[in-house]
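Peer 1: Would you mind keeping the following structure in view while I ask a few things?
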Amino acid sequence: MEIKTMRFGVLTEKGHAEVRERPLPEIGPDEVLVKQDACNICTTDYQQWLGLREGRGYPMASGHESAGTVVATGEKVLDLKPGDHVALAYVTCGICDGCKRGRGCDNNEIGPKKISPDGYRGMFAYADYAVRPARALIKMNPSLSPSEAAFMEPLAAVVKGLEKLRVKPLETVIVVGAGTMGLLNAQAARALGCRVIVSELMEHKLRVAREMGFEVIDSSASDPVQEIMRLTDGKGADAAVLAVAATKVNQQALDLVKHLDGRILFFGAAYPAPAIDIDSNVIHYRRLELIGTFGADLKDFCTAADMLNLGVVKVSQLIEKNKYPLDKIQDAFAEAATPGKFRVSVLL
């Protein structure tokens, strides 16, 4: 049966997501028709639903943590075939200065800049079908559920950040926050040979972190700085990953890392933006490194896919039990926006 239309979820205003239908684009010679099986709701998406990222614009056909199955391919596509399980990387242009220099695309479709001919922003990832450039799809292990395979995108962002943080085997890394992104960072850092300590205050997240085998600090019951010093014989961590964005966490991080040559990765973002107060002389004399990270490059997606496909990083515990069909996308956003949740998956 020929597929002529696609049904997709779209944010139309603060607090409202609905399902619409549009003609399915024709498959170009370098493109692939994908039956999208799942898309997980990331922080960016539900924060816009909450009205915290109004600058992204509407109508937003959002989503980017997506996985599915190849249905058909264009005549020039050689490495994908119908039936292959794939996850979605960023749709890059391949011709901008960023693409040419390997530092990420200046025009990728994850951001709000690109608008489709029919007036939509976003990547149409909450859709039953989509036509994608073959270069934006990476093969995934069929043993992974679609909701698990969809973790390739957030894990790629983790890979990018840890590369910038330059973690090395046997280093001690403290991850602040045991939410979805915190536990992805923790697993990836452990896979790279680090000793990983996770700090968190929510009991159910502490439980999951313990079940994953991590040393944990319950920050609701003890001072994380005192605990990290106790666990490191007074040295402090070599590096800190801030998977929670908050002013208190930013300030605390300065004391979590070792006195000289400590490295801090500001992984998360929050709205309104958290502050940090530090004397530049402190950065100078302690040789501190304050590092920002956002997004991922294609090589990071490939590494993330390897981690998931080989089972080095496991994500089944990071998916909420309730999974929603596309027609219930409003309910899915409501649950995803509830504090303390892991990833909520929309099945397509």
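Peer 1: Shape verdict for region 149-228, please, from the Cα gyration tensor: rounded (a/c under 1.5), prolate (a/b greater than b/c) or oblate.
Peer 2: Cα axes put region 149-228 in the oblate bin.
Peer 1: Could you work out what % of the accessible surface of region 191-256 is carbon and sulfur, using a 1.4 angstrom probe and leaving DNA, RNA and ligands out of the count?
Peer 2: For region 191-256, the apolar C and S fraction of the accessible surface comes to 50 percent.
Peer 1: If you don't mind, another one. Between N141 and R103, what FRET efficiency comes out of the Förster formula 1/(1 + (r/R0)^6) with R0 = 25 Å and r the beta carbon distance, rounded to 0.05?
Peer 2: After rounding to 0.05, the efficiency reads 0.30.
Peer 1: While we're looking at this one, here's another question. Which trypsin sites (Lys or Arg not before Pro) does region 257-348 hold that lie in a coil by DSSP with at most 13 other beta carbons within 10 Å?
Peer 2: In loop regions of region 257-348 (DSSP not H, G, I, E or B), the sparsely surrounded trypsin sites (Lys or Arg not before Pro) are R287.
Peer 1: Something else now. Out of residues 5 or more away from E171 or on other chains, whose amide H comes under 5 Å of its own, with H placed 1.01 Å from N in the peptide plane?
Peer 2: R195
Peer 1: Taking Cα pairs under 8 Å and at least six residues apart, what relative contact order does the chain come out at, in percent?
Peer 2: 19
Peer 1: What Kirkwood hydrodynamic radius, in Å, does region 1-63 give when the mean of 1/r is taken over all pairs of distinct Cα atoms and then inverted?
Peer 2: So the Kirkwood estimate lands at 13.3 Å.
Peer 1: Karplus couplings for region 237-246 from phi (6.51 cos²θ - 1.76 cosθ + 1.60, θ = phi - 60°), rounded to Hz, Gly and Pro as x?
Peer 2: So the Karplus estimates, Gly and Pro as x, are 6, 5, 8, 10, 10, 8, 8, 10, 9, 7 Hz.
Peer 1: Can you give the helix-only mean residue ellipticity at 222 nm for the chain, where every DSSP H stretch with n ≥ 4 adds -39500 (n - 2.57) and the sum goes over all residues, rounded to the nearest 500 deg cm²/dmol?
Peer 2: -7500 deg cm²/dmol
Peer 1: Under the Kirkwood approximation for Rh and a Cα-based Rg, what ratio Rg/Rh is obtained for region 192-348?
Peer 2: The Rg/Rh ratio comes out at 1.00.
Peer 1: Here is a follow-up. Could you give the nm distance between label points at A191 and I3, where each point is 7 Å from its Cα heading toward the beta carbon?
Peer 2: Using points 7 Å along Cα→Cβ, the separation is 2.8 nm.
Peer 1: Sticking with this one: Which three extents, in whole angstrom, do the alpha-carbon atoms of the chain cover along their principal axes, largest first?
Peer 2: 66, 39, 38
Peer 1: Could you sort out which of K14/K248; K35/K81; K100/K160; K205/K258 sit more than 21 Å apart by Cα distance in this structure?
Peer 2: K14/K248; K205/K258
Peer 1: Using r as the Cβ-Cβ distance of D255 and V312, and R0 as 22 Å, what FRET efficiency do you calculate, to the nearest 0.05?
Peer 2: So the FRET efficiency works out to roughly 0.10.
Peer 1: Can you compute the radius of gyration and Dmax for region 237-277, using only the Cα atoms, both in Å?
Peer 2: 10.0, 31
Peer 1: Mind giving me the nanometre distance, one decimal, between the label points for H284 and A221, set 7 Å out from Cα along Cα→Cβ?
Peer 2: 4.4
Peer 1: Leaving ligands, DNA and RNA out of it, work out the accessible area of C99 with a 1.4 Å probe and give it in Å² to the nearest 10.
Peer 2: Surface accessible to solvent at C99 totals approximately 40 Å².
Peer 1: What value in Å³ per residue do you get for the convex hull of the alpha-carbon atoms in region 191-265?
Peer 2: It is 98 Å³ per residue.
Peer 1: If R₀ is 41 angstrom, what is the calculated FRET efficiency for the pair M202 and A72, using the beta carbon separation as r and rounding to 0.05?
Peer 2: Using R0 = 41 Å, I get an efficiency of 0.40.
Peer 1: Taking GluC sites (Glu not before Pro) as exposed when DSSP calls them loop (any state but H, G, I, E, B) and at most 12 other Cβ atoms lie within 10 Å, what is the longest stretch of the chain free of them, the sites themselves excluded?
Peer 2: Between the exposed loop sites, the longest stretch runs 76-348.
Peer 1: OK, next. Which angle between 0 and 90 degrees, to the nearest 10, do you get for helix 298-309 versus the longest principal axis of the chain when only C-alpha atoms count?
Peer 2: 80
Peer 1: Excluding ligands, DNA and RNA, what is the solvent-accessible area per residue of region 242-348 at a probe of 1.4 Å, expressed in Å²?
Peer 2: With the other protein chains kept in place, region 242-348 gives 51 Å² per residue.
Peer 1: Report ³J(HN,Hα) in whole Hz for each residue of region 212-220, in order, from the Karplus equation J = 6.51 cos²θ - 1.76 cosθ + 1.60 where θ = phi - 60°; Gly and Pro get x.
Peer 2: Listing the rounded values in order: 7, x, 8, 5, 10, 10, 7, 6, 7 Hz.
Peer 1: Please report, in Å, the Rg and the Dmax of region 72-230, where both are computed over Cα atoms only.
Peer 2: In Å, with Rg to one decimal and Dmax whole: 19.5, 61.
Peer 1: Non-local amide H neighbours of A89 (under 5 Å, H modeled in plane, Pro and chain starts lacking H): which ones?
Peer 2: Answer set, sorted by chain and number: L137, I138.
Peer 1: If you average 1/r over every pair of different alpha-carbon atoms in region 1-143 and take one over that average, what Kirkwood value in Å do you get?
Peer 2: Over region 1-143, the inverse of the mean reciprocal pair distance is 15.7 Å.
The values are calculated or read from the model by the stated rules, or taken from the named source; none is laboratory data. Computed from a predicted structure; not experimentally measured. Here Cβ is always computed from backbone atoms with ideal geometry, including for glycine, and neighbour counts include all displayed protein chains. Remember, those area values only see protein heavy atoms, side chains included, never the ligands or the DNA or RNA. Shrake-Rupley method; radii C 1.70, N 1.55, O 1.52, S 1.80 Å.
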